[in-house]
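Take a look at the structure set out below.
The values are calculated or read from the model by the stated rules, or taken from the named source; none is laboratory data. These numbers were taken from a predicted model, which means no experiment stands behind them. Glycine gets a Cβ as well: all are built from the backbone with ideal geometry, and neighbour counts include every protein chain shown. Quick note on the areas: whole protein, heavy atoms, side chains included, nothing else; ligands and nucleic acids left out. Shrake-Rupley method; radii C 1.70, N 1.55, O 1.52, S 1.80 Å.
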Amino acid sequence: MRHRIYRRAAAICIVLLVFAQMFQTAWAYHREQLEAAMTGQELEPEKLTLWYTDEKLSPYLVEAASEFEEQNHVEITLQLVTAVDYIEHINTASISDLGGPDLFITSSELLEKARLAGLTVENDSFTERELNEYFPQQALNAAACGGSLMAYPFYFETCCLLYNKNYTDSAPATIDEILAYADNYEGSEETANVENIFKWNVADIFSNFFFIANYVNLGGPTGDDPSQVQLNAEEVAACLQYYQSLNAFFAIDADEVTTENVLQEFIDGKTVFTIAKSDAIGTIDDAIAERAAQEESAEEETSEGETPEEAGEDDGGYFYGIAQVPDLTGELATKGLSVTNSVVVNAYSGQRELAKSFARYLTWDKAGDLYALADKMPARLGVEYENPEMEVLVEQYENSVEVPKLTDLSNYWIEMEIAFANIWQGSDVQTEVDAVAQEMTQQLQTQE
C-alpha cells in the first residue's frame with residue numbers, strides 16, 4: 001500500500017514538473033514578445049521550406065501555407081522542383097551548407113529510398129484512434145516502411161471503371177458482362193455517337209495492371225519486404241490470356257491510343273465503358289461545366305430561352321457513373337493499382353516539431369479542401385464531395401495494390417509494360433510472364 005502511494009506521489013510530481021516546464025516555455029516566449037513590443041521590434045517568424053514536384057498542388061499549398069503562417073507566426077517557402085532524381089537532390093541539399101527542405105511530398109514508391117538515405121522522421125503527430133478512424137489501412141501501409149509510420153498520408157491516385165449512364169443503367173461486375181453487352185448491343189438514335197463499347201489505354205501499365213493485381217505480391221502489405229514477392233502465380237497467366245483475348249473483341253491500337261484521347265472520346269459520348277485514373281474525374285467535370293456555360297450563353301442569345309434536354313440532369317448533371325474495376329470473370333478477380341503521396345518531415349530539419357505540425361495541417365486539418373483546389377483525392381476519410389459517387393474511388397483505393405517501395409523492383413513496371421504490349425500483340429503469355437519474373441528475381445537476389 002505504501003509503495004502504491006509513493007508511486008502515485010511520484011507520478012503526480014512528474015505531471016507537475018511537465019506542466020511547470022510547459023509554463024516556463026510559454027512564459028519565456030510571451031516575455032520575448034513583450035520585450036520585443038516594448039522596444040518596437042517584432043519577433044522573427046520561424047521558417048519552413050517545403051518541396052514538391054506536382055504543379056497541380058500549388059493552389060492548395062499556397063492557401064494552406066498562408067493559413068498556417070497566420071495561425072502560427074511562421075514563414076513558409078514552397079518550392080516546386082523537378083521530379084528527376086528527387087530524393088538525391090533532397091539529400092544533397094540537406095547535407096549542404098544551404099540546407100534542404102524541412103518537409104517534402106513524395107510518392108510511396110520513393111519512401112523507402114528516402115528512409116534509407118536518412119531523410120525521414122517517424123509520424124507521431126496522430127493518436128492511434130485518429131489513424132484507425134480517419135485513414136484507410138491502405139494509406140497507412142503506403143506511409144509505412146521499416147516497421148514504422150514514416151510519413152503523413154496525403155492523397156492517392158487509383159483507377160476505376162467509368163460508364164455512360166445514357167447507354168447503360170448500371171455498372172458491370174465483370175468484363176464478361178461487358179462482352180455480353182457488346183454481343184447484345186443494337187444501335188439506336190440515342191446511341192448514334194457510340195463508336196466503342198469498351199476502350200482504355202492498353203499502352204499504360206497503370207490502366208492495365210488491374211488485370212493481374214489480385215494475384216501478385218509486391219513486397220507484402222507495406223511494399224517493402226523482399227521476402228514477400230510473387231510475380232508468376234498460375235492465375236497471372238490466366239488473367240493475361242483473358243487480356244490478350246480482348247484484342248479480338250475491341251481491336252484497340254496500342255500504337256495510337258493515349259489516355260487523353262480515350263478520355264475525350266468518353267466525354268464526347270463515343271465510348272460506353274472505360275478504365276480511367278481517378279484524376280480523370282476532374283477533367284470530365286470541367287468539360288461538363290464548360291458545356292453548361294456554353295449552353296447558358298446560347299440560351300441567353302435565343303428568344304425562346306430553351307435548350308436541348310441535357311443528359312444526366314436527373315443525376316445532378318453527371319452523365320457518367322463511377323464503379324470499381326470489374327472482375328474478369330466469376331472466377332478471375334481484379335484489383336486496381338494505386339499510388340499514395342505523403343508528406344515527409346526531413347530528419348535534417350532544424351524545425352522538426354513545427355514541420356510535423358504543418359504536415360498534420362496539410363493532411364488532416366485542411367484535407368477537406370484538397371480536391372476542390374487541386375483535383376487530388378485526399379487520403380483522409382470523412383471528406384464530402386459534390387458528387388457522392390466519388391466515394392467509390394475511396395472504396396477502390398482501399399481495395400487496391402500499392403506500387404511497392406522496394407527499389408529492386410523499380411524496373412518491374414517497365415518490364416511489365418513491355419510484357420503487356422507484347423501480349424496484346426499476340427506474344428506467348430507464359431513466356432512473357434516467366435521472363436519478367438526471372439529478371440526481377442535476379443535483381444532481388446543480387447541485392448541480398
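Could you tell me which of the residues TYR397, TYR361, TYR412 is among the hydroxyl-bearing types (Ser, Thr, Tyr) and surrounded by fewer than 21 Cβ atoms within 10 Å (Cβ to Cβ)? So that I can check it myself, show each step before the final result.
Working: TYR397 fails: surrounded by fewer than 21 Cβ atoms within 10 Å (Cβ to Cβ); TYR412 fails: surrounded by fewer than 21 Cβ atoms within 10 Å (Cβ to Cβ).
Every option except TYR361 fails the conditions.
Answer yes if at least one residue in segment 333-342 is farther than 30 Å from THR174 by Cβ and at pLDDT 95 or above, and no otherwise. Yes, that holds for at least one residue.
Look at ALA171 and say whether it is in contact with a Pro (Cβ under 8 Å, 6 or more places away or on another chain), under 20 Å from GLY330 (Cβ atoms) and touching a residue at least 60 places away in the same chain (Cβ under 8 Å).
On the way: in contact with a Pro (Cβ under 8 Å, 6 or more places away or on another chain): yes; under 20 Å from GLY330 (Cβ atoms): yes; touching a residue at least 60 places away in the same chain (Cβ under 8 Å): yes.
Taking the combined requirement at face value, the residue satisfies it.
A search for C-beta distances below 7 Å between a residue of segment 128-146 that is closer than 18 Å to GLU395 by Cβ and any residue that is part of a helix (DSSP H, G or I) and small (Gly, Ala, Ser), counting only pairs 6+ apart in sequence or on different chains, returns ALA142/SER108. Annotation note: Cβ proximity below 6 Å between a residue of segment 234-253 that is open to solvent by less than 30 Å² (accessible area, probe 1.4 Å) and a residue that is in a helix (DSSP H, G or I) and not β-branched (Val, Ile, Thr) (sequence gap 6+ or interchain) occurs for VAL236/TYR215; ALA237/GLN430; CYS239/PHE211; TYR243/PHE211.
So in segment 289-306, with the set limited to residues that are open to solvent by less than 100 Å² (accessible area, probe 1.4 Å) and charged (D, E, K, R), which one is modelled with the lowest pLDDT?
Pass one, segment 289-306, residues open to solvent by less than 100 Å² (accessible area, probe 1.4 Å): 289, 291-293, 295, 297-299, 302, 305.
Okay, now just the ones that are also charged (D, E, K, R), so 291, 295, 299.
Details: ARG291: 84, GLU295: 77, GLU299: 72.
Selected residue: GLU299.
Restricting attention to segment 263-293 and to residues that are free of Cβ contacts under 8 Å to residues at least 12 places away in the same chain and under 24 Å from the mean Cα position of the chain (by Cα), the residue that is nearest to TYR181 (Cα to Cα) turns out to be GLN264. Figure legend. Inter-residue proximity from segment 82-101: first residues without any contact (Cβ under 8 Å) to a residue 24 or more places away in the chain, second residues open to solvent by 20 Å² or more (accessible area, probe 1.4 Å) and in a loop (DSSP other than H, G, I, E, B), beta-carbon distance below 8 Å, spacing 6+ or different chains. Indicated pairs: HIS89/VAL81; HIS89/THR82; THR92/GLY100; ALA93/GLY99; ALA93/GLY100. From the list ILE197, ILE178, which residue is farther than 30 Å from ALA359 by Cβ, assigned to a strand (DSSP E or B) and either among the charged types (D, E, K, R) or touching a residue at least 60 places away in the same chain (Cβ under 8 Å) (or both)? The unique qualifying residue is ILE197. Taking every residue in segment 361-372 that is part of a loop (DSSP other than H, G, I, E, B) and pairing it with any residue that is surrounded by fewer than 16 Cβ atoms within 10 Å (Cβ to Cβ) and of a type in the set (D, E, K, R), at least 6 positions away or on another chain, yields no pair with a Cβ-Cβ distance below 7 Å.
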